Amino acid sequence: MKYLSLLAFPLMFLFAGCMDDDDSVTGGEVATTVNFRAEYDDADLSIQSIAYDYPTGAKLKTTLFQYYVSDLELLPAAGGAAVRLADIDLIRYQSETDGSVTSRTYNVPVGDYVGLRFGLGVKPDLNAMDPNEFSADFVLNEVQFWNANARYVFAKIEANADLEDDGTFDTGLTYHLGSDAMYTTITFTGDFTISTTANPELNIVADVFKALASDTESFDISNPDQQRIHGMNQAIGQDIWTRLAGQFELQIR
Amino acid sequence: MNIPEPEAFAKIIYPPDNPTTEEGLALGRALFFDPLLSADSTVSCSTCHLPELAFTDRQPISVGINGRLGRRNAPGLTNVGYLHQTLFWDGRADNLETQALHPVADPNEMGGSWQLMISKLRRHPVYWPQFERAFGLKELSELNPDYVGKALAQYQRSLISSDSKYDRVQRGEATFTEEEALGNAIFFDLADEPNAGKYAEIPTGECAHCHIPPHFTNQLFSNNGLDEANSLDDFKDPGRGPISGSKYDNGKFRVPSLRNVALTGPYMHDGRFNSLKEVVDHYDAGGKYAENKDPNIIPLGLSPDQHRALVAFLQTLTDTSFVSQGVRESESQGVR
C-alpha cells in the first residue's frame, strides 16, 4: 500500500508531462475499480454483528452507514480537465451481508494521474432538484429526500448503543447530516498510472469511529441531546460532519 | 400505450420486454379478477386483493383455497408499480412479472399447478385469442406462465393513485384541517425546522425516515419493534433474514406503503393491529426491544390530541377515486 504525499506532486507533474503524450496517443480506456471501504477504528466495518467499544465507555452496534459522493474525479498529471468517473453515487452499508467494501468499476483513460477528488454530499445543482425529476432507479430516488427545505440527506450514521454495559443495545443513535452549506470537496494528491498492464486498486476509506470519536475528544453519545440529529437540526451535526469529511483516506494498492 | 402518471412521482420503470399494451392490460385485468387461476376455480387474485379495500382483504392473515390460512397479511396494491426494488414483506420477489407466479401455485393461496393452469388457458375460447393478440403468440405451445405474469403485471402497473387529500394539499388544491396539519407536522418532524413556530414544542414522530413520500415507503427492510426479542433467533416470523441469509435481518420487514392505509387494516405483516389507533399506540410506546430494532423507533410522548391528529393525517392518504375506479373495473369483468 502506498500513501501519496504532497511532495511527490510537483515532480510527477514535470515527468509525466512528456510521458503522458504517448499514452494519450495510444489512447484507450481501462476498467478501473474504486473500492469504497468502511471501517470502524481501522478495522473493517461490520453492520450489526460486532459490538464496538466507544471511548466514553459505551458499546455500540452500527446499523447503517451511508453517504453520497458527487463529482468523483481523477486528476490527470498533464493537467487539464479532470476525468469524471461519476456525477453522483450513494455508498451504503445497511446489512451484515453488504460487507465492508462497495466496489464500482469505471472506464478510465490510460495515463498518469496525480490525484483524486470528490464532493461529500449531493452537489448543489443536484440538491436543488426534486426526486421526481430523476428516473425511479436513480440514486437520488433512494428516498433520502427529506423535505423542500432540508433537501437530500447527505450522510447517515445509525447505531444502537449499550450505555449501561448491561448487554442491551437500547439507545438509538441517528445522525442524519447535510445541507448545501455543508457540501465539502475532498481532494487527495499523489501519483498513479492507469495502463493496460498496471492497474492500481483505488481505495477510498471512511471510518465511522473517526467521524464520532478520537483519543482526545469524543462525541458524547450518552447525552440525550446528542443521540438524534435530523432535518434542519444541524448545529450539532456540523461537528460530526467536519470529522466525517476530515477522516477520509485514499489508499492505492 | 401510454398510461398517464402524476407529475409528483418519478416515472414507473416499464421493463423493456413487457411494455403495457391495451390488449395486455385488458387481459391482465380479466385474469386478476378471475377465479379460473385457482385449482378449483374459487379463488382469484381479488379474493385477497379487493379493490374496495385498496386491494387488501380485511383478514389479519389471508385465507386461500379451501379456507386454508396463509402466513401473512395481504398488502395493498396501490401504486405497486412504483415499488421497483423488491416485492412481498420479505422482498423475496424482484418484480411484478415473477411475483404473480407465486400465488397461483401456493398451496395456501390458489393451490394450483402451473401445468394445469396453462392447459386450461390454452383451451380457453376467450383467453387464448387474447394471449395471441397481447403477446403475438402463434402456437398454443408458446403460451407459458411467463405471459400470465406479464399480463397481471401490466394490470397492476395501472393501479396508480394520486388523488388523496394529501396529494391535493401538495398540489395546492386543498388544505388540511388543523388536526390533520398537526398530524402532518408530527409525521414529518416539523419541530426540527428552524422556524417551526407553533410546532416547535411538539414531538417528532420520526415516521418519514421510513414512510417517505410520495409512496410512503423507502422500500427498505427494518424492524419497527413489534416483538421483544432477546435473541435474534426469537422472532416468530423471521421476515427478511432467511431471504438475505443473515440473522441480523431477522424480524425485519419491508416498509409498507401507507397509501390508502385507512382502508388496509388490520395492520402489520401478521395483521396484529386492528386500527390505526393501535398502530399509533405501538409507535408512541417506542416499540419493543431487539438489538436490531431500528434506532429511529423511539418513544414519542404523544398527548391524546397529538395521537388523534396523527391518525387524522394517516386518513388523508385515502384516495376514494382510485378505489371506485378499481371497483368499477372489477364489476365490468363478466364471467368467462
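Each value in this text was obtained by applying a stated rule to the coordinates, not by laboratory testing. These figures come from a predicted structure and were not determined experimentally. So basically every Cβ, Gly included, is an ideal-geometry build from the backbone, and we count neighbours across all protein chains shown.
Worth a mention:
- Cβ-based charge dipole, the range A:4-252, positive-most Cα from A:MET129, A:LEU140, A:ASN203: A:MET129
- Helical content alone sets the calculated 222 nm signal of the protein assembly as shown at -7000 deg cm²/dmol, taking -39,500 (n - 2.57) per DSSP H segment of four or more residues and averaging over every residue.
- For chain B, a simple Cβ point-charge model (Lys and Arg +1, Asp and Glu -1, everything else neutral) yields a dipole of about 940 debye relative to the Cα centre.
- 3J(HN,Hα) couplings calculated from phi for the range A:35-42 with the Karplus curve 6.51 cos²θ - 1.76 cosθ + 1.60 (θ = phi - 60°) are, in sequence order, 9, 9, 9, 10, 10, 10, 6, 6 Hz; Gly and Pro show x.
- Amide H partners (placed H, <5 Å) of A:VAL30, local residues excluded: A:VAL108, A:VAL110
- Here's the list of lysines a cross-link from B:LYS236 could span, going by alpha-carbon distance under 16 Å and ignoring same-chain residues fewer than 8 apart: B:LYS247, B:LYS252, B:LYS288, B:LYS293.
- Pairs of lysine residues in chain A - Cα separation under 20 Å, sequence separation of 8 or more or cross-chain: 6
- Pairwise FRET efficiency - A:ARG117 versus A:THR216, Cβ, R0 = 41 Å, nearest 0.05: 0.90
- Contour minus Cα-Cα distance for B:SER303 and B:ARG171 (0.36 nm per residue): 44.5 nm
- Charge context of B:GLY265, other residues only, Cβ under 13 angstrom, K/R +1, D/E -1: 0
- Within straight-line cross-link reach of B:LYS165, aspartates and glutamates at Cα separation under 13 Å, skipping those fewer than 8 residues along the same chain: B:GLU173, B:GLU180, B:ASP319
- Simple label model, 7 Å out from Cα along Cβ direction - A:ASN149 to B:ASP234, nm: 4.1
- Inter-label distance, A:ASP44 to A:ASP180: 4.1 nm, where each label sits 7 Å from its Cα along the C-beta direction.
- Electrostatic dipole magnitude of the range B:165-318 [Cβ: Lys, Arg +1; Asp, Glu -1; Cα centre; debye, to 20]: 480
- Modelled spin-label separation between B:ILE3 and B:ALA285, with each label point placed 7 Å from Cα along the Cα-to-Cβ direction: 4.0 nm.
- Taking amide H as placed 1.01 Å from N in the peptide plane, the amide H of A:ILE88 sits under 5 Å from that of A:ASP71, each at least 5 places away or on another chain.
- Each DSSP beta bridge with both residues in chain B is either parallel or antiparallel, and the antiparallel ones are about 65%.
- Cα-based shape type of chain B, given that a ≥ b ≥ c are square roots of the gyration tensor eigenvalues and the cut on a/c is 1.5: prolate
- Each residue of the range B:202-215 was assigned a 3J(HN,Hα) from its phi angle through the Karplus expression (A = 6.51, B = -1.76, C = 1.60, θ = phi - 60°), giving 7, x, 8, x, 6, 5, 7, 5, 10, 9, 9, x, x, 9 Hz with x at Gly and Pro.
- Global geometry of chain A, whether rounded, prolate or oblate, following the gyration tensor of its Cα atoms and the 1.5 cut on a/c: prolate
- Charging the Cβ of each Asp and Glu at -1 and of each Lys and Arg at +1, and nothing else, the dipole of the protein assembly as shown about its Cα centre rounds to 1880 debye.
- Electrostatic bookkeeping for B:GLY112 treats Lys and Arg as +1 and Asp and Glu as -1; over the other residues with beta carbon under 11 Å from its beta carbon, the sum is -2.
- In terms of surrounding Cβ atoms within a 10 Å radius of their Cβ, A:TYR68, B:TYR147 rank from fewest to most as B:TYR147, A:TYR68.
- For the protein assembly as shown, the Stokes-Einstein estimate of translational diffusion at 25 °C and a viscosity of 0.890 mPa s comes to 93 µm²/s, using the Kirkwood hydrodynamic radius over alpha-carbon pairs.
- Distances between every pair of Cα atoms in the range B:165-318, grouped in 10 Å steps from 0 to the bin holding the largest one, split as 11, 39, 34, 13, 3 percent.
- Three-way shape label, the range B:1-144, alpha-carbon gyration tensor, a/c 1.5: oblate
- Along chain A, longest interval not containing exposed GluC sites (Glu not before Pro), exposed being DSSP loop plus at most 15 other Cβ atoms within 10 Å: A:1-163
- Residues whose placed amide H lies under 5 Å from that of A:GLY172, excluding near-sequence neighbours: A:ALA161
- What the phi angles of the range A:211-228 give under the Karplus curve with 6.51, -1.76 and 1.60, with θ = phi - 60°, is a coupling list of 6, 10, 8, 8, 5, 9, 9, 10, 4, 7, 7, 8, 7, x, 6, 10, 9, 8 Hz, glycine and proline written as x.
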